[in-house]
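The values are calculated or read from the model by the stated rules, or taken from the named source; none is laboratory data. Every value quoted in this text rests on a predicted model; they were computed, and no experiment measured them. No Cβ is skipped: glycine too gets one built from the backbone with ideal geometry, and neighbour counts run over all protein chains shown.
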Amino acid sequence: MIQTSEKTRFTEAEMAIVRDTDLPDLLNSLGYQVKRIGRYYTTQEMDSIRIKDRRTWFRYTTAFVLGNHENYDAYKDYPKEEWHGGQIQRIRPSVLHLMRGQVYELNGRKFFTMGGASSHDIQDGILEPDDPDFEEKFQQLEQRGALFRVNRRSWWAEELPSKAEYLEARANLARVHWNVDYIISHCCPSSIQDVFSGGMFKKDALTEFFDEVRQKCTFQYWFFGHYHSNMVIEKRYAMLYEQIIRLK
């Protein structure tokens with residue numbers, strides 16, 4: 001090992017080269033598979049990296065709850081692990097599934113998560129793929145523009161939580177005395193649905209459970225998606241669709 005006390009610094013000319021380097025081009029030249037995601041670039045090999053304006057890069061972790069249009073079978077084989085006080089499934093090194101009924105503590109804040117929701121596009125039924133008349137029924141429904149899905153191909157009953165998941169959610173909330181900072185879900189309480197939709201969306205076991213949480217739990221904000229719009233209801237309930245917000 002060679003040791004030296006000489007301090008080296010980049011020259012202004014060298015720093016100018018760094019500032020002018022096109023990062024996606026540089027990664028391409030190094031053999032990485034660069035792809036674009038919206039306004040950002042990333043690589044197949046290091047998907048936690050995001051490059052903005054081709055000059056600035058940063059790294060972050062994506063954590064999410066499940067919705068209703070999910071392939072629930074695809075998640076069954078991912079192992080569970082402990083993360084910040086709750087259970088997760090690590091889909092990729094920087095992509096985490098925040099599981100149902102968990103309470104996580106991040107930067108001194110508590111987050112309660114409960115994914116899932118009822119599909120609103122199954123009014124005309126759910127087809128069984130092993131039905132002898134499947135192809136005929138499928139074509140008929142397609143031709144008339146019906147709202148339907150196919151069991152375990154485009155719809156899964158697991159879109160709503162199981163009894164065990166409700167029990168775990170209540171137990172974890174009781175452990176923190178029903179006191180969290182943020183709630184993250186896909187759908188929202190029945191009573192909040194009624195406020196913004198005028199009763200258009202049907203209640204189900206999950207939205208009713210969320211009404212129980214709403215009444216018993218102390219929290220600052222509740223974030224949810226599902227309804228394809230951006231709005232704030234009663235100051236504390238934030239519906240997010242195309243918006244990204246920063247928690248302070």
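List of remarks:
- The stretch 142-162, subset in contact with a strand residue (DSSP E or B) (Cβ under 9 Å, 6 or more places away or on another chain) and among the basic types (Lys, Arg), residue surrounded by the most Cβ atoms within 10 Å (Cβ to Cβ): Arg149
- Those residues of the stretch 163-176 which are under 17 Å from Asp211 (Cα atoms) and loosely packed, with under 15 Cβ neighbours inside 10 Å, in sequence order: Lys163, Leu167, Ala171, Ala174
- Condition met for Tyr78 (of a type in the set (Ser, Thr, Tyr), surrounded by fewer than 18 Cβ atoms within 10 Å (Cβ to Cβ) and touching a Phe, Trp or Tyr at 6+ places or on another chain (Cβ under 7 Å)): no
- Qualifying residue in the stretch 97-112 (condition: in the same structural domain as Phe224 (by TED's automatic domain parsing), surrounded by fewer than 18 Cβ atoms within 10 Å (Cβ to Cβ), among the acidic types (Asp, Glu) and within 18 Å of the chain's Cα centre (by Cα)): yes
- Residue that is farthest from Tyr60 (Cα to Cα), among those in the stretch 73-107 that are part of a strand (DSSP E or B), without any contact (Cβ under 8 Å) to a residue 40 or more places away in the chain and of a type in the set (S, T, N, Q): Gln87
Residue-wise test of (1) at pLDDT 95 or above; (2) assigned by TED's automatic domain parsing to the domain that holds Thr113; (3) surrounded by fewer than 19 Cβ atoms within 10 Å (Cβ to Cβ).
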{"site": "Asp194", "(1), (2), (3)": "yes, yes, yes"}
{"site": "Phe209", "(1), (2), (3)": "yes, yes, no"}
{"site": "Tyr221", "(1), (2), (3)": "yes, yes, yes"}
{"site": "Glu234", "(1), (2), (3)": "yes, yes, yes"}
{"site": "Lys248", "(1), (2), (3)": "no, no, yes"}
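- Near pairs, Cβ below 6 angstrom, 6+ apart or cross-chain, from the stretch 31-51 (in contact (Cβ under 8 Å) with a residue 12 or more places away in the chain) to any residue that is of a type in the set (Gly, Ala, Ser): Ser48/Ser94
- Tally of residues being more than 18 Å from Pro93 (Cβ to Cβ), in a loop (DSSP other than H, G, I, E, B) and more than 18 Å from the chain's Cα centre (by Cα) across the stretch 32-65: 4
- Residues in the stretch 208-244 that are farther than 12 Å from Ile183 by Cβ, among the hydrophobic types (A, V, I, L, M, F, W, C) and out of contact with any Phe, Trp or Tyr (no Cβ under 8 Å at 6 or more places or on another chain): Val232, Ile244.
- Scan of the stretch 141-194 for residues that are part of a helix (DSSP H, G or I), closer than 21 Å to Ala238 by Cα and acidic (Asp, Glu), ordered by number: Asp194
- Residues located in the stretch 215-228, provided they are more than 16 Å from Val65 (Cβ to Cβ), in a loop (DSSP other than H, G, I, E, B) and touching a residue at least 24 places away in the same chain (Cβ under 8 Å): Cys217, Gln220
- Among the residues of the stretch 58-67, at least one is at pLDDT below 95, more than 30 Å from Met200 (Cα to Cα) and of a type in the set (Lys, Arg).
- Test: residue in the stretch 203-214 that is free of Cβ contacts under 8 Å to residues at least 40 places away in the same chain and either assigned to a loop (DSSP other than H, G, I, E, B) or aliphatic (A, V, I, L, M) (or both): yes
- Test for Asp25: is it in contact with a strand residue (DSSP E or B) (Cβ under 9 Å, 6 or more places away or on another chain), farther than 25 Å from Ile91 by Cβ and outside any strand (DSSP E or B): yes
- Only one of the numbered conditions (1) over 22 Å from His226 (Cβ atoms); (2) not assigned by TED's automatic domain parsing to the domain that holds His228 is violated by Arg149, and that is (1).
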